[in-house]
Amino acid sequence: MALKVAVQMDHISTINIAGDSAFAMMLEAQSRGHELYHYTPDRLALRGEEVFCALEPVEVRDQKGSHFTLGSRTRTDMREMDVVLMRQDPPFDLSYIAATHILEKIHPATLVVNNPAEVRNAPEKLFVTDFPDLMPPTLITKDRAEIDLFREEYGDIVMKPLFGHGGAAVFRITKDDLNYGSLYDFFDVTFREPWVIQQFLPNVKHGDKRILLVDGEFAGAVNRVPAEGDLRSNMVRGGAPTDSDLTDREREICARLGPSLKEKGLILVGIDVIDGMLTEINVTAPTGIRAIRNLGGPDVAAMVWDVLEGNVRA
């Protein structure tokens, strides 16, 4: 049975198909005969209990520079869709949160992936604090006195915005770094919300592992090694992907997280692990599907669609 699948994303013309996980899932859905529709979140409209959106039928091709064809927009009752993939990139701001509230009106009659209420309640750098024993020492605050105490205890720290993504504005501050005060002032005027302060893990130079879980089970992993002279391992920041097996510690982390992810309806999740320490749980638009496949790993997109088809037809 062909499913009607709407994909909420940044406009498809702007994506990098080489690494975009939403695009990988669209290719897989199309190969299975499902009908694909494209829209950006600004087109959502809530009227009473009804959700409408101007959808465009879309065909996708794995061809750089010619990767999509859009049809004409049609105002559509979103309850006509079988599946909605909520896949736009953060920032996880009020616009993002509003979209989760609107999509919650149609879920689960229309399967929204990931569960919009749980996405709203599980921002990546806060949800992870439910598992403090798996993490490096971490502080969530913008209070200077608390940061000073943390820095005094751990010396070498990392500061990053609570709702950032893709490695943006991630800074390492060493024990004697004279830029600390200026960086604090910069964060203070730039970010209204608290920040993440973590103990620096020097073995990040060997990689920051992205592990994908599908319906609470390990699906695949890729190790991302930072570019020379850069702290950040994100592939959009020049990190180099390498294939990777799981260590015993990483399997333990997956086993601990799996039941919670499954219970919350977080079907596709990407976790980040540095030197055996869990640093983030990405539930919005986790990347890594294409990198894992390109390195000869499993077809995570196919795993996701096996689960989605099973849920819709159950």
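How many residues does region 252-272 hold that are in contact with a Pro (Cβ under 8 Å, 6 or more places away or on another chain) and either of a type in the set (A, V, I, L, M, F, W, C) or in a helix (DSSP H, G or I) (or both)?
The qualifying residues number 2.
When residue 61 is evaluated against the numbered criteria (1) modelled with pLDDT of 95 or more; (2) crowded, with 18+ Cβ neighbours inside 10 Å, which criterion, by number, is the only one it fails?
(2)
For (1) closer than 24 Å to residue 99 by Cα; (2) of a type outside the set (Val, Ile, Thr), each residue gets a yes or a no:
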{"position": "2", "(1), (2)": "no, yes"}
{"position": "29", "(1), (2)": "yes, yes"}
{"position": "32", "(1), (2)": "no, yes"}
{"position": "36", "(1), (2)": "yes, yes"}
{"position": "58", "(1), (2)": "yes, no"}
{"position": "65", "(1), (2)": "no, yes"}
{"position": "78", "(1), (2)": "yes, yes"}
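Give just the number: which of (1) at pLDDT 95 or above; (2) under 30 Å from residue 309 (Cα atoms); (3) within 16 Å of the chain's Cα centre (by Cα) does residue 278 not satisfy?
(2)
Can you tell me which residue is nearest to residue 160 (Cα to Cα) among those in region 90-107 that are open to solvent by 70 Å² or more (accessible area, probe 1.4 Å) and touching a residue at least 12 places away in the same chain (Cβ under 8 Å)?
Checking each candidate, the answer is 91.
Across region 108-137, what is the total count of residues that are of a type in the set (Ser, Thr, Tyr) and either open to solvent by 50 Å² or more (accessible area, probe 1.4 Å) or touching a Cys at 6+ places or on another chain (Cβ under 9 Å) (or both)?
Qualifying residue count for the region: 1.
Only residues that are within 18 Å of residue 3 (Cβ to Cβ) and exposed (fewer than 15 other Cβ atoms within 10 Å of the Cβ): list them for region 33-56, please.
Listed by number, the list holds a single entry, 33.
Step by step: first the residues of region 192-213, then only those that are out of contact with any strand residue (DSSP E or B) (no Cβ under 7 Å at 6 or more places or on another chain) and either among the aromatic types (Phe, Trp, Tyr) or assigned to a loop (DSSP other than H, G, I, E, B) (or both), then the one that is least open to solvent (accessible area, probe 1.4 Å). Which residue is that?
Filtering region 192-213 for residues that are out of contact with any strand residue (DSSP E or B) (no Cβ under 7 Å at 6 or more places or on another chain) and either among the aromatic types (Phe, Trp, Tyr) or assigned to a loop (DSSP other than H, G, I, E, B) (or both), the one least open to solvent (accessible area, probe 1.4 Å) comes out as 193.
Can you tell me how many residues in region 87-136 are closer than 27 Å to residue 50 by Cβ, acidic (Asp, Glu) and over 16 Å from the mean Cα position of the chain (by Cα)?
Summing the residues that are closer than 27 Å to residue 50 by Cβ, acidic (Asp, Glu) and over 16 Å from the mean Cα position of the chain (by Cα) in region 87-136 gives 1.
When you scan region 75-174 for strands (runs of 3 or more DSSP E) that lie fully inside it, which ones turn up with 3 or more residues that are not hydroxyl-bearing (Ser, Thr, Tyr)?
Where strands (runs of 3 or more DSSP E) fall fully within region 75-174 and carry at least 3 residues being not hydroxyl-bearing (Ser, Thr, Tyr), they are 83-86, 111-113, 157-161, 171-173.
Could you run through region 214-251 and say how many residues are at pLDDT 90 or above, outside any strand (DSSP E or B) and of a type outside the set (D, E, K, R)?
Count: 3.
Checking the structure you have, find out if any residue of region 293-302 is out of contact with any Ser or Thr (no Cβ under 9 Å at 6 or more places or on another chain) and crowded, with 19+ Cβ neighbours inside 10 Å.
Taking every residue of region 293-302 in turn, none turns out to be out of contact with any Ser or Thr (no Cβ under 9 Å at 6 or more places or on another chain) and crowded, with 19+ Cβ neighbours inside 10 Å.
The values are calculated or read from the model by the stated rules, or taken from the named source; none is laboratory data. As the structure is a prediction and not an experimental result, all values here were calculated from the model. Note: ideal-geometry Cβ built from the backbone for every residue, glycine included; neighbour counts use all protein chains shown. Areas reflect the complete protein model, heavy atoms only, side chains present, ligands, DNA and RNA absent. Shrake-Rupley method; radii C 1.70, N 1.55, O 1.52, S 1.80 Å.
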